[in-house]
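The values are calculated or read from the model by the stated rules, or taken from the named source; none is laboratory data. Note that the structure is predicted; figures quoted are calculated from it, not measured. Using ideal geometry, Cβ is built from the backbone for each residue, glycine included, and neighbour counts are taken over all protein chains shown.
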2 protein chains.
Amino acid sequence: MSDKISRYESKIDEAVRKVLEGEQPRTLFEPVRYILGLGGKRLRPLLVLLSVDLFDGDPAMALSPAVAIEIFHNFSLVHDDLMDRAAIRRGHPTVHEKWGTNVAILSGDAMVFEAYRQLAQVPSRFLPAVMELFTTTALEVCKGQQHDMDFERRDQVAEEEYLEMIRLKTAVLIGCSLKMGAILAETSAENANVLYGYGENMGLAFQLRDDLLDVYGDPRTFGKRVGGDILCNKKTYLLIKALENANPMQRQELNRWLSAEEYQPEAKIEAIKQVYDELNLKAVVEKLIQRYYHASLECLALVQVSDDRKQLLADLAEGLMYREK
Amino acid sequence: MSDKISRYESKIDEAVRKVLEGEQPRTLFEPVRYILGLGGKRLRPLLVLLSVDLFDGDPAMALSPAVAIEIFHNFSLVHDDLMDRAAIRRGHPTVHEKWGTNVAILSGDAMVFEAYRQLAQVPSRFLPAVMELFTTTALEVCKGQQHDMDFERRDQVAEEEYLEMIRLKTAVLIGCSLKMGAILAETSAENANVLYGYGENMGLAFQLRDDLLDVYGDPRTFGKRVGGDILCNKKTYLLIKALENANPMQRQELNRWLSAEEYQPEAKIEAIKQVYDELNLKAVVEKLIQRYYHASLECLALVQVSDDRKQLLADLAEGLMYREK
């Protein structure tokens, strides 16, 4: 990893650590510091800074909005984990597991306002554009989460619907991070938009990789429960494709497990994974990931700066494509 | 009620009705339109417009931030009702009662972002000040709600702690509404601050009136369950004062009901009300309400505009002091 990336990462970590330091009441802010302190990849704030750097802007000035996006991302994890009843995040108990439902709701809310407080630190000439981008994105993320929950109650979800859901739930925030940097570096609208496209396609690939890791990931590094999506009948790309491509016997097997009320968790995970394997779905998803990865690089190619400046972002995308966690 | 107020009220109603009109998915936004459509007093947006008007500003320009504050207020009701497990709001089922916990969480979240979207419609020269005021206030409201929840688990809460809690939870948003108008009308910082003080004191009186109405209100007009605070052992001003002033027998009676696990709701309400009556607490609270009411008028007197312009706000405060719902 480049020196520049490590330098940016420590700046981000330092800034995140200072968020709400010493704020009272402790009951409200301790969970906020807990979830922010669990680490994670800090991908989104890093993308803000790398984007500013790409256009030769001032990364120091972009630190607050970068932190704003990281806080927003963590807020969405706190509320989503609560809604999905997920017990583990980044290898640790989720906020609602540790402190209960009400704390997860209210500490999550406080994170949104803290995110806006950080966002508002940008020089005021940027504030209208930054507010517009951030708020539009946040509403899209809410819509994505709602689709995700709606899909769980439906028998059938089309592939395009699923892809639109993960675009809203995951990809737009990656795009937003990059575009935020572009705005703050005062590059052209054209550059800002193709860079957004690079992020959006990378985000789609990123989420599909997450779907794969849920089934095929290493429990020691994944940070969430492997098979978690399978256990809660989440309509992932894998499940949607499986239901689409299954022969009658496989479909019967899938439906039996999807409607089962009492079962051994490991047995359900094994059985559904077996169908995925028979349908060769790992390769199908890998292929789609490749497609989005290449689309993201094509967008990056359209950004009007010299190729050597783009190398860091190209490397980052490659790293994410082949990540194991 | 003055023509001006009715005119502002219909402008607010019209603007609120248009919020998120036609936005998809319906599952996310129908609950938002539901809670906003239940009416309520629309006090906070009205205060924004009256404040702009006080300083001869342009109320049309203040409509979006006024709506932002109303949306924020309704968001806080959706999440607070969920955390407090309240079943009724404005005479209708609460959002979580009607659609469940997850919808109440996520639709509430979407309301925050929609509030910021509305807020960002102000002319950009106002945006930094408006953002700062709104976000600081929102964080204070979260702190107030956290104190409120923390108090429920404590045996003893001091009077000053309670008053600070309702200041954060209720009064600062009233102050914020008025100061928002002052900022948008470009009056002096001094005027903006004393007007904030008028709102803050009015807000304290307003919340104490709410505490009284919970016990002594008319169930046909109150909109919430009368005795609701008593049933959930909420540390209201009345309960705090009762625990402070009770003789040993009264204290025993209070503690017996506070720790009772199985009981007839009406019996608990009657018994606790009986102690409040013996301690003459209605009069004690009325006196404190009067004190805040007068403090709010004193702040209003310090605003540097002619007295006749202030009449509407003075009348409004009086109306709220003697409200029955």
Can you say whether A:Gly39 is closer than 29 Å to A:Gln311 by Cα and of a type in the set (Gly, Ala, Ser), as far as the supplied structure shows? yes
Can you name the condition, by its number, that B:Ser51 falls short on among (1) surrounded by fewer than 24 Cβ atoms within 10 Å (Cβ to Cβ); (2) part of a helix (DSSP H, G or I); (3) not aromatic (Phe, Trp, Tyr)? (1)
Regarding B:Ile35, is this residue in contact with a helix residue (DSSP H, G or I) (Cβ under 7 Å, 6 or more places away or on another chain), within 23 Å of B:Gly175 (Cβ to Cβ) and hydrophobic (A, V, I, L, M, F, W, C)? no
Return the only residue of A:Ile166, A:Ile183 being more than 9 Å from chain B (Cβ to nearest Cβ) and either modelled with pLDDT under 95 or within 30 Å of A:Asn245 (Cβ to Cβ) (or both). A:Ile166
Looking at (1) farther than 24 Å from B:Leu320 by Cβ; (2) more than 14 Å from chain A (Cβ to nearest Cβ); (3) over 20 Å from the mean Cα position of the chain (by Cα), can you tell me which one B:Asp53 breaks? (1)
Tell me yes or no: at least one residue of segment B:141-159 is at the interface with chain A (Cβ under 10 Å from one of its Cβ atoms) and farther than 14 Å from A:Thr27 by Cα. yes
Count, please, the residues in segment B:224-255 that happen to be more than 23 Å from B:His147 (Cβ to Cβ) and modelled with pLDDT under 95. 1
When B:Pro25 is run through (1) modelled with pLDDT of 95 or more; (2) within 30 Å of B:Val226 (Cα to Cα), the failure sits at (2)
Exception for A:Arg7 within (1) more than 14 Å from chain B (Cβ to nearest Cβ); (2) within 21 Å of A:Thr170 (Cα to Cα); (3) of a type in the set (Lys, Arg) falls at (2)
Consider A:Arg33 against the criteria (1) within 17 Å of the chain's Cα centre (by Cα); (2) of a type in the set (Lys, Arg); (3) at pLDDT 95 or above: it satisfies all of them except one. Which criterion is unmet? (1)
So which residues in segment B:130-139 are more than 7 Å from chain A (Cβ to nearest Cβ) and surrounded by fewer than 19 Cβ atoms within 10 Å (Cβ to Cβ), if there are any at all? B:Thr136
Which of the following residues is over 23 Å from B:Phe113 (Cβ atoms) and outside any loop (DSSP other than H, G, I, E, B): B:Glu14, B:Glu30, B:Glu9? B:Glu9
List the helices (runs of 4 or more DSSP H) inside segment B:177-283, counting only whole elements, that have at least 3 residues being within 24 Å of the chain's Cα centre (by Cα) and without any contact (Cβ under 8 Å) to a residue 12 or more places away in the chain. none
Being closer than 20 Å to B:Trp99 by Cβ and either within 9 Å of chain B (Cβ to nearest Cβ) or of a type in the set (A, V, I, L, M) (or both) is the filter here; which residues of segment A:85-129 pass it? A:Thr101, A:Asn102, A:Ala104, A:Ile105, A:Leu106, A:Gly108, A:Asp109
